[in-house]
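The values are calculated or read from the model by the stated rules, or taken from the named source; none is laboratory data. Because the structure is a prediction, the values reported are computed rather than measured. So basically every Cβ, Gly included, is an ideal-geometry build from the backbone, and we count neighbours across all protein chains shown. Ligands, DNA and RNA are stripped out before the accessible areas are found, and what is left, the full protein with its side chains, is counted by its heavy atoms. Shrake-Rupley method; radii C 1.70, N 1.55, O 1.52, S 1.80 Å.
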Amino acid sequence: MNSRIKEKGERKLAVTSYIVTIVFIVLGVLPLVWLLLTSLMDNDSIDATTPKFIPDIPKSISITLDYSGQPDQNEDFYLKDAMKATWFPWMANIRENIGEIKIKGVKDGHELYSSKTTSASFSVGQPFIVPTQVFNDTVMKAKLPRIKASGLSDFNWYGQGKQAKTGDGTLSDKPLSKNLQTFFSDRKLLDGKLTSLEQSGNWVRLFDSYRSLNILASEAKVSLGFYHYFLNSLLVCAVVIVWQLVFGAMASYALSQLVRNKKTKFIVLMYFLMTIMIPGVSVLIPQYLLMQKLKLVDNIWAIILPHFAWGFVIFLFKGFFDQLPKELLQAARVDGASEFRTFVRIVIPMSIPVFTIVAVMTFIPVWNDFLWPYVVTKSPHNWTFTVAMNDLQGGANPRANWISASGVVSMIPLLLVFMGTQGAIEKGINFTGIKG
Amino acid sequence: MKKHGGINKPASVLVAATIVAGLLSACGSEKEDNAAGANNAATQTNDAAANANAGTDASTNAAANAGDNAADPVVEITVWDQPSPDDPGKSFIEEQFAKFDADHPNIKVKHVEAWQPDVREKFLTAVAGGEGPDLSSAAFPDMQVYIPKGIAADITDMVNNSPDKDRFIDGAFNLASKDGKIYGIPNDMYTSGLIYNKKLFANAGIAAPPKTWEEFAADAQAVQAKNPGVTGFDILGMDWADWHFEYYVWQAGGDLTEQLPDGTAKLDFTSDAAVKALQYYKDLKWKYKVTQKNVVQDIGENEKDFYSGRSAMIIGTSDSFTNFVGRGMDPADIGFAPFPAGPSGKAPAQVGGSFSMLNPKSSPEQQKAAFEYAMYFMSKDYNDALGQFKVDNGLGVRPFTVLKDFDVTQYIKDVPQDYLDAVNESAKDQHLEYFLKSSLSSYLVKPIQKVLLDQNADPATELKKAQELAQKEVIDKYNADLKSGANK
Amino acid sequence: MGNQLELKQDTVIREQTQTRTRATFKIRWTPILFLLPSLIVFFVFKYYLIFDAIYISLFNYDIVNPPGNFVGLGNYFEFLKSATFWVAMKNTLIFFVLSVLIVFWVPIAQALFLSQVKRWNAFYRVLYQIPGVLPVVAGVLLWKWMYNPDRGLFNYLLAKIGLGPYGWLNDLHMTKLAIVLPGFFTGGGISVLLYYAAIKSISAELFEAAKIDGCGPWRRMVIIILPNITFVILIQFVGFMSGVLLSFDNIFVMTQGGPADASLVVALMIQRTAFVQSRFGISAALSFFMFIVIAVLTIVQFRLQKEDD
């Protein structure tokens, strides 16, 4: 199409093409932008009657508690007071977009402690730290070990070591701050005296739903947090891809080049391809029964093995191997090379593009697979990330922004795969059976 | 190549959660707040015939079991009761696990995580594979399915020989009994009612919750008018729609199904009461316009609307209080009321709950151990300790118990008295869910959704269609099986 | 698995020794050894399972005491007689038509126009891949939020341009459309690349010849490009067809087959009969039926295509 003579319709076509392309891309990307935005919003904004597009900056609350004139107490006493000043009012104002609460404890001109709790920690801890609105000293006492063990609130104890101003008496009169002050004065829960309460915005806390994912997972299930599930998924993908690249390729090569009998060839090809038409839902129970016989239930191999049989891979490879120059292979054979050697030394080096495309095409569905891993795994240790994502939204504590955040995170590996392999994919497509 | 083949289906984040929703077309789930409908004790008698074989097997097992002795080597049992990591009672439960282990050196308990919201599919698959747990729990409607399927073991002798039997309230075992045999140990119970937002009501100048259908519609309209953006009543139109709808049929003076004296089932979808109830549903949506627009949202979303103040009324259970407070609702705003009475002048509440059940495939020793384990968690000591723990930790306590000797009221500290009074009032007239619900649910959901979505749909016609289909696909078969079973 | 790996190593070693020592047999053995691992896994994880499903379909299957009563083809007759099945068949067909009308042509159009775009072409190709990387169900959930008639994004935006409000999933006539529509937005993903590569491989002489014949650029698109990529379209169509006929996840998450069975398709019915109604026998019969339907359709299409050649 590299003509020098400008035609009449050409410009019009070019302009239309750009417009159409851009429109399609915008249509495709807009829902994702919405996904990204909701992952940064608080849950009430996501559900707002009039949709909001710009996430609100989470509010940061800084509280100073003054213990001047009171007898000295041990660290735990102050920890409890700080936690009471953090978790209780936050629970009472759970619909507010609070990003963090920082408490500073001062006594006679010294800073005793500082504590900080982020919304990531709060939303993870809320179901077990403040599951209801019973706010009293006993309850917090009972919760302290759990807060400490899970490290949900940062608490730094300075003892008498740090000079500090007592609160400067600033009590913010923003609505949320007013609510908090009323909460403190009505409930009389604290030992320290509220000397300042400041409110500002902290945009860093916009990303707390992402941090929640990690805290949530590491809370008690597995050591690496959400990454553990990603690693599991990657492991599954890697093993399946290796299998397909080795045995899928070998089988297809044999089918394409080594089986001479036309009838056998057709039968074997159909043997592989017919399986594409088996509905996944329908073999769920037999597959589970099989895994039980193999003693693989709740084992990562139970997720991996069924992926080994995928007719589409054979189809892709065969399309490519069918186009290999016969002369080349013949020449190798004449030279006395074994079929295996021919395959390894001659065929494989020529097949890198198709290997890439098979790898990517295998990666996508395996990465997204959900129903089967869900059914066959029991312990979080063996979960893939799709199962973990499901747990997120189905659990006792579903939050829209967590779901969005996990959606965004789950896109990253595939996106990287695409960016890294686009060139090879495009090259590969030219050789595979799909193109014809 | 987005849609290549059907094998490695791009999978889903949420499939599972929803799978469970439909799993047994019943409403119960492991979550307390979602625990749902009860079944009809009498119904179970009938499911029997079709699955007579399974039943017999189970009873043989149990019989062998009763004569067993405790002086055995260590028995290992698997129990699906490991609490979720964010369970507020985790530390307590684990402490109790350890205590049980210490007290029972000859019983080794393997706790399996079973807190996922959609654990039922896993349960069924495990049962199918012969790997069902030795002890698990099931909501009332699930029991109705599990008993005839032979999934729950016959524990009649164990229960009858147990000194604890009389500690349960009268009739507690009825819902897990069939043909005089017992299949489950009662766990807990709840009752249903109308939950309303007192603040939104006050804004509209309404002091008391509605007592009749007319008042209900008028109140909903008034609340909507005075609270912009608020929905009067969140109706349940998703796949459990029949669960709440049956209440309206009761209020209209009928039921959806009945069991004839010979044990056969008869559908009453086209009865006057059912038609009136569906007409009322239709009116709420189209005439009074007091429901949410998204009538196909599930119960979780309805609850969310309620606790975030977007809807003024919702149907809930006695346990809802804790749930809503836990989601940040002001305890003072949550009101409970018996259902508004319909044309019949009555408004029965529904009773629901769950049972522990044993696995008929377990060895007699395992069944015995599992029974002992289950009873440990129904002991007075355990329940008192749990009540105290909940009080100390600011957790909600359910206002009902299945035990006579456990006084739950001493642990209810934070639920307003008027809420408790209303719950007790509501519990005075209790009903079990309609007969054969588990098989008929999907047939009823259809006409309900139809009138909620199509202004021109006629309730009587839609119900007639549903009845004809259900008659052909379920009832004829059921009755025939029953008769052939009886002839055997 | 362990066994298969060993088998594979075994295979390689044997194969190597054989080729060295008994070169005459190599043609007979190599293909078999090459094929063997795949033949085995396909047998175990596909054929064995589908045979098991067929076996189950012949019983009034009892999961606790399998297999239950033998009913022969009874399960097949039962679902064929059920009105629900025919509703599901009809819906499946409507979904299929809708998907072809709304989704199938999208990557073809995208590739056609993309082939005319010269600047930043590679960049656009990457952008086209992005919507496809979101896990299907996360995407469906997102759309469900946007469809919400009480506070969804769509009605809000459409109201700004004077449209709506629409019921989307709350409108019996729109449910199917609402389920298919996201596919239009998501576009073709890798299919775009496929069509694009096919278009690019059409020889330049063809275009030049058409040009000399006086064909304008728009006409060339129709008479040169389309006929030259029909094979790719066909292959894509076969995959697309079985994908749509078996689609489960997106419908399931969006509506679970409702409201009032408006989106109940056969794949959902398979799941529902098994896990909701515990009628595993019927469910298995339905699965096998769907397998046959799709197999027949696929074979017919390939036959037609062969005749075309």
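Key figures
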item	result
Charged-residue dipole, Cβ positions (Lys, Arg, Asp, Glu), the range B:181-244 about Cα centre, Debye nearest 20	260 debye
Cβ-based charge dipole, the protein assembly as shown, positive-most Cα from C:72, B:406, B:80	C:72
³J(HN,Hα) computed for each position of the range A:318-328 - Karplus, 6.51 cos²θ - 1.76 cosθ + 1.60, integer Hz, glycine/proline x	4, x, 6, 5, 4, 8, 4, x, 4, 4, 4
Shielding by partners, peptide C:181-190 (average Cβ within 10 angstrom, other chains)	5
Of A:378/C:46; B:178/B:293; B:108/B:181, pairs whose Cα-Cα distance is over 31 Å	B:178/B:293
DSSP beta bridge pairing in chain A, given as percent antiparallel to the nearest 5	70 percent
Most fluctuating residue given options C:199, C:32, C:54, as computed from a GNM of chain C linking Cα atoms under 10 Å	C:32
Average partner coverage of C:170-178, which counts Cβ from other chains inside 10 Å	2
Interface area, C with A, accessible, probe 1.4 Å, both sides summed, Å² nearest 100	9100 Å²
Percent of beta bridges antiparallel (DSSP, the protein assembly as shown, rounded to nearest 5)	70 percent
Length-normalised contact order of the range A:221-429 in % [C-alpha pairs under 8 Å, at least 6 apart]	33 percent
Portion, in percent, of the accessible area of the protein assembly as shown that falls on carbon or sulfur, probe 1.4 Å	58 percent
Accessible area buried, both sides summed, chains B and A with 1.4 Å probe, Å²	4700 Å²
Degrees, to the nearest 10: A:284-293 long Cα axis against longest axis of chain A	90 degrees
Unit charges on C-beta of K, R, D, E only; dipole of chain A, Debye	1600 debye
Distant alpha-carbon pairs in chain A (separation over 38 angstrom), percent	46 percent
Long-range amide H partners of residue B:188 with built H, under 5 Å	B:354
Residues with amide H under 5 Å from that of residue B:431, placed H, sequence gap 5 or more	B:349, B:350, B:351
Å² per residue, accessible surface of the range A:221-429 at 1.4 Å	33 Å²
Size of the B/C contact, given as accessible area buried on both chains, probe 1.4 Å, in Å²	4300 Å²
C-alpha long axis of helix A:385-394 to longest principal axis of chain A, angle in °	40 degrees
Table column - 3J(HN,Hα) (Hz), the range A:125-142, Karplus curve with 6.51, -1.76, 1.60, x for Gly and Pro	x, 3, x, 10, 8, 10, x, 10, 10, 8, 10, 8, 5, 4, 4, 5, 4, 5
Backbone HN-Hα couplings from phi across the range C:195-201 [Karplus 6.51/-1.76/1.60, Hz, Gly and Pro as x]	5, 4, 4, 5, 5, 5, 8
Semi-axis lengths (Å, descending) of the ellipsoid that matches the C-alpha gyration tensor of the range A:221-429	37, 20, 14
Loop sites in the range B:186-226: trypsin sites (Lys or Arg not before Pro), DSSP, at most 16 other Cβ within 10 Å	B:211
Angle in degrees between helix A:75-92 and the longest Cα principal axis of chain A, rounded to the nearest 10	70 degrees
Computed over the range A:59-210: relative contact order in percent, which uses C-alpha pairs under 8 Å that are six or more apart	37 percent
Rel. contact order, % - alpha carbon contacts under 8 angstrom, at least six apart, the range C:77-308	28 percent
Per residue accessible area in Å² of the range A:4-108, where ligands, DNA and RNA are left out and the probe is 1.4 Å	43 Å²
Net charge, residue C:74 excluded, C-beta distance under 12 Å - Lys, Arg +1, Asp, Glu -1	+2
Average beta-carbon neighbours from other chains, 10 Å sphere, peptide B:437-445	2
Cα-centred dipole magnitude for the range A:59-210, charges only on beta-carbon of K, R (+1) and D, E (-1), debye, nearest 20	320 debye
Within-15-Å neighbourhood charge of residue A:203 [Cβ basis; K, R +1; D, E -1]	-1
Sequence-distant residues sharing a close amide H with residue B:311 (under 5 Å, placed H)	B:231, B:306
